Structures are given as C-alpha cells and as structure tokens.
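Taken together, the values in this text are just the output of simple stated rules run on the coordinates, not laboratory data. Keep in mind that this is a model prediction, so the values were computed, not measured. Positions of Cβ are backbone-derived with ideal geometry, glycine not excepted, and every protein chain shown enters the neighbour counts.
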C-alpha cells in the first residue's frame, strides 16, 4: 500500500549539501514505493524524479537572531503541512528544526506517524559554541525538546550510531526498541574528475609536498587549533609538508586563520574557502592524509561525520581523534587514532603516515565503503513505512 510521506529539509534544495544530503537519500529510497513530498526553505522547484518538491521561499536571518529565525521557519513549515497535507501518513525530519516542525504538526494531526531522524546531539554542539551562562536556559530547552519531547512523541527514532542509541536510553530513558541505527553513508559518485598532479599544480603544490587535508567548516569542537599546533611542529621534521584547508567558518575559524596568516607557517597553509560540492573530491585528491582532530565530547563521540567517508572515498588514509563512534571503523590498516586534544600525538601520527607514504589497505577500504553505501545503510527505512 502506498503511503503519503512528507520529509522536511532545513536548508534550500537544490543544491545538495551536507545539511540536506541525508534526508534526500532517504527520500530517494522511499520514493520507489510511496508518494514522497520534500518540503524545503527555497523556491518551489517542481518535480524531480519521483519526489515532489515544495519550497516555501523562506530566507532566514543571520547572527544572534538566526536560531529564532529557524524556529519561525519550523512553525511556517508546520502550518504549511497542516493546511496542504492534512492526510499525510508519515513525517520525517532531519535535525532540530525539521523535527520541531513535525512535532508541532503531530499535535494537530493525531494520526500522523513521526519518524525522528537524529544525526547528532545538536544541543551539545550549541553548548560548545555558546558556553556563556546567558544561554543556559535556552540550551536546556533545546536538549529537552531534542532528546525527550521529540523522541517520546515519535513513532520511531533513527540515530546514526550505537553510541547515540545507548546514550539516548541511558540519559533520557528512551525505549531501546523504539530506536534504530542507520549511519550516514558513502556517495558512490564522490570521485575526483582530475588528476592529483593537475589539482596540485592549480594549488601551487608539487609531487614533493606532503599534504594534510582538513575538510569542512570549523567550530571549537572541531579542534582546528589543535591541528595548527601539531602542524607547526610537523613542518620542522617534514619541511615540504603543507596543510590544505578546504572549507571556511565563522568567528573561531576566522580568528585562527588570522593567527596562521601572521605566523611562520603562513606559506605552508592553503585555504580554498568554500567550494562547490561536486568539486570537493578534486581538492581532496591533492592530499596524502585526511585529518579529523575533533575535541572529545558527547556530540563528537556520537557521530561518524561525512568527512571521514569523503576522505576514504578518495583513497586517503586518516588520522582521527579517539572518538567513540569514529574509532569503531578506523584500524591501523586505514589510518591512525590519536588522543583527542593532544597536538603532539596528532603530529606524531601525521609524521608516521607521511614519512612512510602510507596508503590504506585496498581490501579493507573497499569492504568499509561497501558496508556504508547509502543504499545499504538506509535499506531498513523501507520497513518503517507501511
């Protein structure tokens, strides 16, 4: 029997970005057998494949009013669904804002089944970037909604890791039978379209350079400052080492960038800024090692993070912090695990891989990428919708 499913995306679609990739992959799976409607914040995009796109043309504010603006978007989405899809069977949301919208809808449409897709502990990420006591009550409200109200109200809760599942149960008493684990996945087409030699040439690099790649934005929990400290010592031992930062960020990132550009290593660090998603593999192909130097906290322990799959898809070995979820898939045949927050340990691991021209074991890498293909990890979603 065909069900009517509404999925809510926090950001504009298209384009595909990390902030909506997972929910779009879920939509692709479900659209094979059900009516799927994807609601997003952009303009109405018409029909794509079997998924109906409905854009609300909503522009959020930035700065201190950003989160308030996103809550307004959630309320607008909720009203839109109630008015236009009162007969919806299932609601699926990714992250706090879509899940908040679906929570509001479920209070009006009593028969709808909500699938709460939780990819992280967003409240803990927010706390890391807003440590001021002024934000305390607001953070506690986010935590209560995200980890208690949304899951308890939901028909099913989908999380990305076993660690996250057990924490939801231990901390918030969410029934284990209600929680399913479906991690983020690997994009099969995420490959470089140009040679390593050519992309290095465009970046001013040569074959002699040993290139460490950091991908993504950066907040304090991402540990970019730890990486900089490690890299300063690394270049003393490997003068031809370079750090390629593919991405950008807000105050934390910009402050660190300013420090680096006024330091002795400024000529050895390359910033690309944000690049189009389809170009990311090309830049990664310039690297020799991918790095994830995150600090250890609840939120970073709970996730796989897209970037590790993006590194592996290009064939890069990795150096990661000893985070509970990530360390379950990184072996000595694929890279190195270091103590979170330890710049010296990070430097030593980078030196180990770069000085030996380490390559990940092809058999192990192929097995891992196959296990985490989107089609494999999201297959169980079909069983949730009847």
### Task
Over all alpha-carbon pairs of region 4-182, lay out the pair-distance distribution in 5 Å bins, whole %, shortest bin first.
1, 8, 17, 21, 21, 17, 10, 4, 1, 0
### Message
If I fit a long axis through the Cα atoms of helix 18-30 and take the longest principal axis of the Cα atoms of the chain, what angle between them do I get, 0 to 90°, rounded to 10?
### Response
50
## Note on the structure
Largest fluctuation, 283, 121, 138 only, Gaussian network model of the chain with Cα springs under 10 angstrom, belongs to 138
### Summary
Going fewest to most other Cβ atoms within 10 Å around each Cβ, 88, 8 line up as 88, 8
### Message
Nearest 5 percent is fine: what portion of the DSSP beta bridges confined to region 196-371 is antiparallel?
### Response
5
### Message
Suppose a student asked you for the relative contact order of the chain, using Cα pairs under 8 Å spaced at least 6 residues apart; what percent would you report?
### Response
15
### Query
When 100, 155, 73 are ordered from fewest to most other Cβ atoms inside 10 Å of their Cβ, what list results?
155, 73, 100
### Query
Does region 196-371 come out rounded, prolate or oblate by the C-alpha gyration tensor, with a ≥ b ≥ c the root eigenvalues, rounded set by a/c under 1.5 and, if not, prolate when a/b is larger than b/c and oblate if not?
rounded
### Query
Spin-label point model (7 Å from Cα, Cβ direction): what's the residue 110 to residue 331 distance in nm?
5.4
### Summary
Longest principal axis of the chain (C-alpha) makes with the long axis of helix 343-355 (C-alpha) an angle, in degrees to the nearest 10, of 70
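Which of the peptides 253-266, 320-333, 349-362 is most tightly packed, and how do the rest follow, judged by the mean count of other Cβ atoms within 10 Å per residue? It would help to have the intermediate numbers written out before the result.
On the way: 253-266: 13.9, 320-333: 18.3, 349-362: 16.3.
Averaged packing, sorted descending, gives the order 320-333, 349-362, 253-266.
Stokes-Einstein at 25 °C, 0.890 mPa s, Kirkwood radius from Cα pairs: D for region 141-271 in µm² s⁻¹? Provide the component values of the computation, followed by the final result.
Values: Rh = 18.4 Å.
Answer from the Stokes-Einstein relation: 133 µm²/s.
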### Summary
Mean-square fluctuation maximum in Gaussian network of the chain, Cα pairs under 10 Å, restricted to 289, 36, 220, hits 220
### Query
Among 273, 247, 122, which one moves the most in a GNM of the chain with springs linking Cα atoms closer than 10 Å?
273
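Can you tell me the mean projection area, over all orientations, of the convex hull of region 93-149's alpha carbons? Units nm², please. Intermediate values should be presented prior to the final figure.
Details: hull surface 15.9 nm².
Value for region 93-149: 4.0 nm².
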### Task
Quickly estimate the mean residue ellipticity at 222 nm for the chain, helices only: each DSSP H run with n ≥ 4 gives -39500 (n - 2.57), and the total goes over all residues, rounded to 500.
-11500 deg cm²/dmol
## Note on the structure
From fewest to most C-beta neighbours within 10 Å, the residues 199, 6, 181 line up as 181, 199, 6
## Note on the structure
Helix 251-260: inclination vs the chain longest Cα principal axis, degrees, rounded to 10, gives 10
### Query
Counting pairs of alpha carbon atoms under 8 Å apart in space and at least six apart in sequence, what relative contact order in percent does region 196-371 give?
24
### Message
Could you work out the relative contact order of region 4-182? I mean the mean sequence separation of Cα pairs under 8 Å and 6+ apart, divided by the number of residues, in percent.
### Response
17
